[in-house]
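Here the structure comes first, spelled out in structure tokens, and everything after it is commentary.
Every number here is computed from the coordinates shown, using simple stated rules; none is lab data. Just so it is clear, the model here is predicted, and its values are computed rather than measured. Don't worry about glycine lacking a Cβ; one is built from the backbone with ideal geometry, like all the others, and counts go over all protein chains shown.
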């Protein structure tokens, strides 16, 4: 792939570059939409920073949980330096779902503490998330991580510095998921434009993405994420996310019908 390039003597990571582009693109659109509602611009910037912090913390936490089989090594460490070394190795990666959950939790806390209109912020966060994620997945493709299964159709990651995946042709699942994320963003944009499902748009995003992620996981070839009963960690999380999203979408309807009766 194309994991990095040299610019003015500096090594530039393609994954980091694409993630930054996604953050800026998604953040710009998010800010413009919030600003159009007449809400404070400064609060919007701080909200994005809180979401970024949630992603930064949540991603490695879930990654570390997927490495639970290595936690016993902590029992063997004798010095603080050894502890840091082991901790860094076990929690060195990142899982998107962890970042998403972390951003969701910290974002909701921030909105509550600052007494901001939760529905407006979360509805538009549903547009920010897939835009950012779409660009990040393109970064994954260039970096060679989150790679696909061996396939007669796809690309060979020659000289991959991220994973030892062999000189074989692999399905470009990263690009597929990027395209799906941009398609989700388009759907969310239409929903927001038409003023539909106010206060529930973020759960629409969760429901669609969880469905997409569950099935595209079958095209993933990196087994480091853990497999249980033939399903990956992300597929199990997708199931719970889907259930949560559907409950949040339809529970108010059930309550309304119950109260009418």
- Message: Tell me the mean residue ellipticity at 222 nm calculated for the chain from its helices only (DSSP H runs of n ≥ 4, each -39500 (n - 2.57), averaged over every residue, nearest 500).
- Response: -23000 deg cm²/dmol
- Against the longest alpha carbon principal axis of the chain, how many degrees, from 0 to 90 and to the nearest 10, is the axis of helix 41-66 turned? 40
- Task: Please work out the FRET efficiency for the pair residue 56 and residue 76, using the Cβ-Cβ distance as r and a Förster radius of 22 Å; give the result to the nearest 0.05.
- Result: 0.15
- Task: Obtain the nm distance between the two label points defined at residue 112 and residue 168 by a simple spin-label model: each point lies 7 Å from its Cα along the Cα-to-C-beta direction.
- Result: 4.7
- Message: Within a 10 angstrom radius of the beta carbon, how do 222, 40, 123 rank from fewest other beta carbons to most?
- Response: 40, 222, 123
- Once label points are set 7 Å from the Cα along Cα→Cβ at both residue 182 and residue 13, what is their separation, rounded to one decimal in nm? 2.4
- Item | Between 0 and 90°, nearest 10: helix 96-114 axis offset from the chain longest Cα axis | 40
- Task: Determine, for 189, 227, the number of other Cβ atoms within 10 Å of each Cβ, and report the residues in order from fewest to most.
- Result: 227, 189
- Message: Per 0.36 nm of contour for each residue apart, how much would the distance between residue 244 and residue 92 grow if the chain were fully extended, relative to their Cα-Cα spacing?
- Response: 51.9 nm
- Yeah, region 76-156 with a ≥ b ≥ c from its alpha-carbon gyration tensor (a/c under 1.5 is rounded, else prolate when a/b outruns b/c, oblate otherwise) is oblate
- Using a/c under 1.5 as the rounded threshold, could you call region 1-154 rounded, prolate or oblate? The axes a ≥ b ≥ c are square roots of the C-alpha gyration tensor eigenvalues, and prolate needs a/b larger than b/c, oblate otherwise. oblate
- Task: Could you work out how far helix 118-143 tilts from the main Cα principal axis of the chain, as a 0 to 90 degree angle to the nearest 10?
- Result: 20
- At residue 231 and residue 150, where each label point lies 7 Å from the Cα along Cα→Cβ, what is the point-to-point distance in nanometres? 2.7
- Quick note on 72, 133, ordering by fewest other C-beta atoms within 10 Å, gives 72, 133
